[in-house]
Amino acid sequence: KQEVTQIPAALSVPEGENLVLNCSFTDSAIYNLQWFRQDPGKGLTSLLLIQSSQREQTSGRLNASLDKSSGRSTLYIAASQPGDSATYLCAVRPYGNKLVFGAGTILRVKS
Amino acid sequence: DAGVIQSPRHEVTEMGQEVTLRCKPISGHNSLFWYRQTMMRGLELLIYFNNNVPIDDSGMPEDRFSAKMPNASFSTLKIQPSEPRDSAVYFCASSFYSNEKLFFGSGTQLSVL
């Protein structure tokens, strides 16, 4: 059974700092991996999707990497801003199966 | 595009009442998902449809829950009768294919008293 773990559970950093969020999964047989952002009282917004054949994806200040063999992904946020404060969730899609979500990392960027 | 549209945004009802949640997916998407989110259990997939056909409903907790997708632009999730433990945020999401980028609605906050 695929399990997804996100570390840390919560993170507080000063504005401008570069930071890394971690995601690990137990079964490397995945089709793709997505990183989502969730603001309080809102739905999830897909940030980046990495196919199993890819190593990384970039969007603006965000960079996500995937190491399928070790069952790990990282989300790198450069020059963090208070507007980046949210919960970040990682989700993997096993082959032919449904998304499995991690519990999320709550990020607070202090101004 | 307006994104995935869910209604109502909030629903407060009494135990035993029927509750119907509605979802309009993004036009052109052919996969639709219903999720439930609670603090204790996180995000749980309840059911998903491909081309209006239910593919996997193994996450539907009990027979009290049912979902329909009569056409490509509309889906409902019904709970009858509702119970306090059904209180949660219910999300609808859609994608172009079931293995592609997922787009979520804003959710329905359900409170069953």
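What follows draws every value from the coordinates through simple rules; no lab data is involved. These numbers come from a predicted model, not from an experiment. A quick note on method: Cβ atoms are made from the backbone with ideal geometry, for glycine too, and the neighbour counts reach across all protein chains shown.
Computed from the mean reciprocal separation of all distinct C-alpha pairs, what Kirkwood hydrodynamic radius does the range B:62-113 have, in Å? It would help to have the intermediate numbers written out before the result.
On the way: mean 1/r = 0.0789 Å⁻¹.
Hydrodynamic radius (Kirkwood, Cα pairs) of the range B:62-113 is 12.7 Å.
What is the Cα convex hull volume of the range B:1-66 when expressed per residue in Å³?
116 Å³
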The farthest towards the positive end of the charge dipole of chain A, of the residues A:Leu107, A:Ala79, A:Thr26, given +1 on Cβ of Lys and Arg and -1 on Cβ of Asp and Glu, is A:Thr26
Using the Cα gyration tensor of the protein assembly as shown, the equivalent ellipsoid's semi-axes, largest first and to the nearest Å, work out to 30, 20, 16
Contact order relative to length for the range B:1-80, counting C-alpha pairs under 8 Å separated by 6 or more residues, stands in percent at 29 percent
For the protein assembly as shown, the dipole about the Cα centre with charges only on Cβ (Lys and Arg +1, Asp and Glu -1), to the nearest 20 debye, works out at 280 debye
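So how do B:43-50, B:10-17, A:67-74 stack up, highest first, on mean other-Cβ count within 10 Å?
On the way: B:43-50: 20.2, B:10-17: 13.0, A:67-74: 15.8.
Highest-to-lowest ranking by the protection proxy: B:43-50, A:67-74, B:10-17.
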Note on chain A: contact order normalised by length, alpha-carbon pairs under 8 Å, 6 or more apart, percent, works out to 37 percent
In whole angstrom, the spacing between the Cα centers of the range A:14-47 and the range B:13-74 equals 23 Å
With B:Thr76 itself left out, Lys, Arg at +1 and Asp, Glu at -1 over residues whose Cβ is under 9 Å from its Cβ give +3
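Would you mind calculating the gained length between B:Val12 and B:Gln80 on full extension (0.36 nm times residue separation, minus the Cα-Cα distance), in nm to one decimal?
Details: separation 68, 0.36 × 68 = 24.48 nm, distance 1.42 nm.
Extra length available between B:Val12 and B:Gln80 comes to 23.1 nm.
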Across A:Leu48, A:Leu11, A:Leu66, the residue with the highest GNM fluctuation in chain A (Cα network, 10 Å cutoff) is A:Leu11
Result for the protein assembly as shown, cysteines with no Cys Cβ partner under 4.7 Å, is none
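Using Cβ contacts closer than 10 Å as the measure, can you line up B:Lys24, A:Lys42 from fewest to most? Don't skip to the end; give the middle numbers.
Details: B:Lys24 18, A:Lys42 15.
Fewest-to-most Cβ neighbours within 10 Å comes out as A:Lys42, B:Lys24.
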